[in-house]
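The values are calculated or read from the model by the stated rules, or taken from the named source; none is laboratory data. Quick caveat, the model's predicted, so the values are computed rather than measured. Every residue, glycine as well, gets a Cβ built from its backbone with ideal geometry; the counts of neighbours run over all protein chains shown. Surface accessibility is based on the protein's heavy atoms, side chains included, excluding ligands, DNA and RNA. Shrake-Rupley method; radii C 1.70, N 1.55, O 1.52, S 1.80 Å.
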Amino acid sequence: MSKWQHDGPILEIENLSISFFTRLREIPAVMDFSCTVMPGEAMGLVGESGCGKSTVALAVMRDLGRNGRIVGGSIRFKGRDITRMSEAELRDIRGSEIAMIYQEPMASLNPAMRIGRQLMEVPMIHEGVSAEEARRRALEVVRDVRLPDPERILRAFPHQLSGGQQQRIVIAMALMSKPALLILDEPTTALDVTVEAAVVDLVKDLGRKYGTSMLFISHNLGLVLETCNRICVMYSGEAVETGSIAEVFDRMRHPYTQALFRSIPLPGADKNTRPLVAIPGNFPLPHERPPGCNFGPRCDYFEKGRCDAADVPMFRVPGDARHETRCLRFQEIDWSAPPRAAKPTQKTPVGDVVLRMEDLRKYYEVSGGLFGGGGTKLVKANETLSFEAREGETLAIVGESGCGKSTFAKVLMGLETATAGRILLYNQDIQDTPIEKRSTETVSSVQMVFQNPFDTLNPSMTVGRQIMRALEVFGEGRSDAERRQRMLELLDLVKLPRAFADRMPRQLSGGQKQRVGIARAFAGGAKVVVADEPVSALDVSVQAAVTDLLMEIQRRNRTTLLFISHDLSIVRYLSDRVMVMYLGHVVEIGSTDQVFSPPYHPYTEALLSAVPIADTHVKKKHIVLEGEIPSAMNPPPGCPFQTRCRWKGEVPGGLCEREVPPMVTLAPGHQIKCHLPREVLARMEPVITIAAE
Amino acid sequence: MEPLGWIEILGRLVQQFLPVWIALVLTFGLSIRFKRRLGLYGKLFDSTVGMVGFALVMFWVFTALFADQIATHNPLTQISGMKNKPPGTPVAGGPAGVYAYYLLGGDNLARDVFSRMVMGAREVLKIAPAATVFAFMVGITLGLPAGYFGGRFDTLLSFLANLVLAFPVILLFYLLVTPEIVETGIPTYLAAILFLFPILFLVMLWNSRFFTQPARRNLYVALTLVVGLWLYAGLAFDADPLGIVSMPANILIVFVSVVFVNAPTVFRIVRGITLDIKTRDYVAAAQTRGEGPWYIMLWEILPNARGPLIVDFCLRIGYTTILLGTLGFFGLGVSPESPDWGSTIDQGRQLLSIAPHPALVPALALMSLVLGLNLLADGLREESLRD
Amino acid sequence: MLMFILRRVATMVLTAACLTFIVFFLTNLEPNLEKVAKSEAGSRISDAEVESWLERNGYTRPIFVRYGEWLGILPGWTGTEPDGRPRGRCVDRAADKANAPRYCGLLQGDWGFSTVFKQPVAEIVATRLALTGILMFWVMALMVPASLLIGVLAGMREGSRLDRTLSTFSIATTATPEYVSGVIFIVFLASNAGVQWFKGTATSAMDGVTFENFFLPVLTIALYGIGYIARMTRASMTEVMTAQYIRTARLKGMSFPAVVVKHALRNALIAPFTVIMLQFPWLLNGVVIVETLFNYKGFGWTLVQAAGNNDIELLLACSVVAVFVVLVTQLISDIGYVFLNPRIRVS
């Protein structure tokens, strides 16, 4: 429905500037931002954390909180300036004309109110319809977002739904009044990859069906490619480049956009022959932005005296329709020049077997709920895990939440003991030795790099002391002075200035903290390092640098790296071998090439299709998995993947529902756990094909 | 001599508190000057609420310190003719050389209300912070392992903590703080247990940190044991071989009861924070490098729990002050001569309609101290959340 | 759900048993019993006479046995006087000495005889508790709405002037214990030093409650709790107001009052509800202080009399009642929390 007719752009933002006011100073969050969204168009807003993309979204909603204020420019929605609207006018368009979806679906829903009531509210507020009418519409929308059993869902409380279902409800709520503009702020970041793919699919379909324009905010270029027509790249509070997807992805005219694309692992990148190019330096803090071009200090094409002279305006790129860039030199730069190649390195030769797992199992006993109903339940976190890892090798462990990769790491580290099976480290059994009983040597040779950089360092101890403590415990160095020297060398190793030794963790950026975490892990000369999603919480431009560092240290120390990740792009980039896990089972294991090309395990196939890739040349087969990942508390009988498998029909006699498939060796070193006959597997087509340039 | 008017009384009070004013100005001047270098304490001076609270607290701390200079009379001396006299009454017929006025009047035993109030500050600030420190030691030493290990140990301790918390405080005081109980020696046993915790805490602290350097560990542990056990013998058993440290039995029971009442709440707070912090990656990192549980609890978890604990510490001193006042109000555990605020209020309340000042003065003093502590806690909370 | 309540009740019974035993133990310590002996048999008796008096009256048997008798799960002791008359715990207090029951303890409704009031304990507790019940009713009627209102108003817009004013007020009231606020109220509102709007004692309120004789005691108890509960409510409210779903509601186009009433309130009141229930141990404190200060002869006043005069049976009874009240409110708070919070209810 529409409150007034307008046939220009849905949203026109012109020279918007937003500041936050603190006790000490005014912090500009967004400067001179312009963009236009036409009816039915989907605009992607891309940038790293802190670049101001969410602030723009909230400004469109005029919901900047008490400290934020729009200090210049205008936001016209269907021709009316939102910045000048009264509270009552705003209320009138919020929810009915503009709707918003954010990152955490659970947090977006009122925990104490039934889903139905939360959905029904929207038309009741804006159109004053009766409760029955609102309920009828709610049912309709819930059906539209493809949720099973809508009646039951309307009666449920938010916590009774899974994350994917919750996000669908949030989308349904946004669509209740058929808004003209939908703002999505990182709507799928909290979801698993296969669930994300389904939600993205849904958003695209519904956008088309309802004719809604979209403002899609994301840090993931691949996701924007899949969902949007146009893109606006932001850096440090400014839009640096805007244009159609094709223009920006293939004919970028801003150094930051270029650097961004070069720092993400696209198909074809390889850690040895075509390494990623990290963006040097750090993202500037909002109150420490450089004069002139904000990207200047990190830019390869920086020209002193020109780029840092005055604020840079947006320039129209000649030849393209609505393509603009904020670069003074965009017409001088040779955009087709290949990247200043970081030196290719030799592939590290793989040595002896360091770590071997044999039929490792880990079961937990979980007592039933808070009220003690039902007896204890057995959670099978790991089922018959077998593999070996060699010296100097990178083995990637891939899987979504609940696949058992964290449990496996805990067992390996000795934080938990195995239920059955063996772990052999240098031919020594360690599966039953908890960490306190392990020798210092064993402990220091198996170390871990953690996921969350904001959590990995003790916030109340200096960086230096934390590394020195690790040295102390591992028995390195004879005196404090010696250990201090070792610690400084470790800082050199992870390319941090020595002055950081006396800093507190809060003074470091995410990437720097992660480097300290790596230094600490290697303090005792670790032989096996488990890296649990070490870069997934970092910004794209920092990811490449940290990944490279990890690779470099591995090469130097000939460390065995177990790289846990859900991001197949980075896995393909850096691993030698890949192990895919689902609900505690290893469903596929093989060399990187074997896993990434057919025949696949059906789950690997779906996973490959689900991962968004930021390359317009890549053609992907469209496979959307229905349903959710089953809970490990309550796994399906037979093959763990049978509830979502699209190949199940090819296996005769319902075998999948009865028996767990055996591990089948397809090629030397390539095994899958699947009932599919070989001829069916042979029919599989590659999921990802790269179109010729 | 004429009685003083209100303005004159006020003037003379300000004059009496001169050492306090000087100390306050110095403290604030230095703190504000260096506030950027003083961490959380420095940040306190960014918050008005925090500064007001800190000023009130420090006012009483300095008053307690300089009580001898501030007080105009001996708090126990009775001067005939001064019974229940209103504030500003000149002292008639007293011995020569004493201050010429009862600035805030006389109480029902003809003692100076002002001097008793000033000396009372000393009584309160002697016990309340110390008792709170002990309650924290007990709460932390038990709360950390309860939260960290969980299981049966946690269930048992949580049950005991809830047991104490379910006990109405006043009833506990009436049952514990009696001369009969002192006779049975129960307070000594309780003290023997409770006072052991700080020593235990420190020994664990040193051992877990320095077990890799035995020489240094042994030195610290030995020092702790010598000093700790000496104080322990003196405080808990009144058996200090040097005869310096001792605590009268009636104070000991008050002290122990207050610790006993406060410790379970601290236990619950520490346990809760531990449950939260133990899921952090840096704890996992410590575990994977083979650190012992006590190192993780005392050096990885505890320092990061300090924010809420410091805030609660301030609140708890205030609460303890109120508890001590309650004890005094019911005449439990304190000698009738004691100038502490609670018992002074109790003595004054019988004659409220004739002479309100003997009860009102300590009441306002107690209120301002607790208010200061609460404001200070609020300021600290606000500033520590601001990062 | 039933399982949950049963488990809670079991814990509660265990807690009650532990607490009553502690009380029993503390009141039945040697020096206390000596005092009883001296007050019953004359204050000048020798140590040996004390000993034999205790022996004769069954006080020398093991503490657990005596606790069991008092509770009514063990049969009362029996014996004979030197002159051959039958004696015993239950015999002494029975009207019909010959057919005295075997069990006479708490569970049989036999609460003992007060030495101070010279009345059966059960009677005293009943009448006094009724008086305190009236007081508590008015305290709750004042405290709960006032504190919730203050907390919600303050937490609604964090940092606003209204918030600062109300927060300072709540901090000030939590800094004022009952014996301080009571004294201040009496001095300024009920004596010739200030205005004389109210009465400085509530003795007359025992016969009939009027605004004049009852407002000050009620206000004194309520005030301390108001600050505390209001601060809890405020904290919970500010947390809820920053939650994502409040933003969702706002961006649905709801007005601010509608957001507060429909989305924030219910979530924000879960925490204060438990706090109010857990306030009871503290309220008892307030009751004891205020009843002493205003001379209102209710339960708190009785407790003070019992403790001050070594009236063991009465003190035990008071403790049992206090512990019982506290535990029942805890149980209500637990169950209520589960009902208010759908997240816990279903899991």
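Here are some notes:
- In sequence order, calculated HN-Hα J values of the range C:19-24 (Karplus, 6.51, -1.76, 1.60; Hz; x Gly/Pro): 5, 5, 5, 4, 4, 4
- Around the amide H of A:V71, modelled in the peptide plane, lie the amide H atoms of A:S17, A:I18, A:S19, all under 5 Å away and 5 or more residues distant in sequence or on another chain.
- List of the range A:454-487 residues, accessible area with partners at least 20 Å² below that of the chain alone (1.4 Å probe): A:D455, A:N458, A:P459, A:S460, A:M461, A:R465, A:R469, A:E472, A:V473, A:D480
- For the range C:188-305, the relative contact order comes to 29 percent (Cα pairs under 8 Å, sequence separation of at least 6).
- Among the trypsin sites (Lys or Arg not before Pro) within the range A:1-86, those in coil by DSSP and having at most 16 neighbouring Cβ atoms inside 10 Å are A:K3, A:R23, A:R25, A:R66.
- Relative contact order of the range B:122-318, defined on C-alpha pairs under 8 angstrom at six or more residues apart (%): 37 percent
- Kirkwood-Stokes translational diffusion coefficient of the range C:19-174, alpha-carbon pairs, 20 °C, 1.002 mPa s, µm²/s: 108 µm²/s
- Projecting the Cα positions of A:M487, C:A130, C:A230 onto the charge dipole of the protein assembly as shown (unit charges on Cβ atoms of Lys, Arg, Asp and Glu, taken about the Cα centre) puts A:M487 furthest along the positive direction.
- Whole-Å distance, taken between Cα centres, linking the range B:320-387 and the range B:8-77: 18 Å
- Separation of the alpha carbons by more than 19 angstrom is noted, of A:K204/C:K252; A:K648/A:K673; A:K178/C:K252; A:K410/A:K527; A:K527/B:K278, for A:K204/C:K252; A:K527/B:K278.
- Scanning residues 5 or more positions from A:E238 or on other chains, those with amide H under 5 Å from its amide H are A:M31, with H placed 1.01 Å from N in the peptide plane.
- Stokes-Einstein diffusion for chain C, with the hydrodynamic radius set to the Kirkwood value over Cα pairs and evaluated at 10 °C in a medium of 1.306 mPa s, equals 68 µm²/s.
- Rounded if a/c under 1.5, otherwise prolate or oblate - the range B:97-158, Cα gyration tensor axes: prolate
- The H on the amide N of A:F563, modeled in the peptide plane, is under 5 Å from the matching H of A:L395, A:A396, A:I397, A:A531, each at least 5 residues off or on a different chain.
- For residues of A:102-109, the mean tally of beta carbons on other chains within 10 Å: 3
- Among C:A41, C:A317, C:A130, the residue with the largest mean-square fluctuation in a Gaussian network model of chain C, with springs joining Cα atoms closer than 10 Å, is C:A41.
- Compactness of the range C:188-242 as Cα Rg over 2.2 N^0.38 Å, two decimals: 1.64
- Rounded to the nearest 20 debye, the dipole size of the range C:121-340 about its Cα centre is 1180 debye, using +1 on the Cβ of Lys and Arg and -1 on the Cβ of Asp and Glu.
- Take each residue of peptide C:165-177, count the partner chain Cβ atoms within 10 Å of its Cβ, and average: the result is 5.
- Packing here is the average count of other Cβ atoms within 10 Å per residue, and on that basis the peptides A:189-198, B:218-227, highest first, run A:189-198, B:218-227.
- Stokes-Einstein diffusion of the range B:70-217 at 10 °C, 1.306 mPa s viscosity, Kirkwood radius from Cα pairs, rounded to a whole number: 79 µm²/s.
- Exposure of A:E87 as accessible area (Å², to 10), given a probe of 1.4 Å and all protein chains: 110 Å²
- Anisotropy class of the protein assembly as shown from Cα gyration tensor, a/c 1.5 cut: prolate
- The range A:1-68 and the range A:252-280: distance between their alpha carbon centers, rounded to Å: 29 Å
- For chain A, the residue among A:G517, A:I217, A:F330 whose Cα projects farthest onto the positive side of the dipole built from Cβ charges is A:G517.
- Size of electric dipole in the range B:235-387: Cβ of Lys, Arg +1 and of Asp, Glu -1, about Cα centre, debye, nearest 20: 340 debye
- Look at the Cα gyration tensor of chain A: its axes a ≥ b ≥ c give a/c of at least 1.5 with a/b at or below b/c, and that counts as oblate.
- Counts of other chain beta carbons within 10 angstrom of each beta carbon in peptide A:65-75 average 1.
- In order along the range A:607-624, phi translates into HN-Hα couplings of 4, 4, 6, 7, 6, x, 10, 8, 9, 5, 7, 7, 9, 10, 6, 8, 10, 10 Hz, rounded to whole numbers, per the Karplus curve 6.51 cos²θ - 1.76 cosθ + 1.60 with θ = phi - 60° and x for Gly and Pro.
- Taking every C-alpha pair closer than 8 Å and separated by at least 6 residues, the mean separation divided by the residue count of the range B:253-324 gives a relative contact order of 44 percent.
- Positive end of the dipole of the range C:121-340 (Cβ unit charges, origin at the Cα centre): among C:L327, C:S160, C:V287, the Cα lying farthest that way belongs to C:S160.
- The string of couplings for the range C:317-331 from the Karplus curve (6.51, -1.76, 1.60, θ = phi - 60°) is 4, 4, 4, 4, 4, 4, 4, 4, 4, 4, 5, 5, 5, 5, 4 Hz, one whole number per residue in order, with x for Gly and Pro.
- Within the range B:320-387, chymotrypsin sites (Phe, Trp or Tyr not before Pro) in DSSP loop having at most 12 other beta-carbon neighbours inside 10 Å: none
- For the pair A and C, total buried accessible area rounded to nearest 100 Å², probe 1.4 Å: 2700 Å²
- Within chain A: Cβ-based charge dipole about Cα centre, in debye rounded to nearest 20 (Lys, Arg +1; Asp, Glu -1): 700 debye
- Probe 1.4 Å, all protein chains present, accessible-area order of C:K297, A:K347, largest first: A:K347, C:K297
- Cα centroid of the range B:155-182 to Cα centroid of the range A:127-144, whole Å: 58 Å
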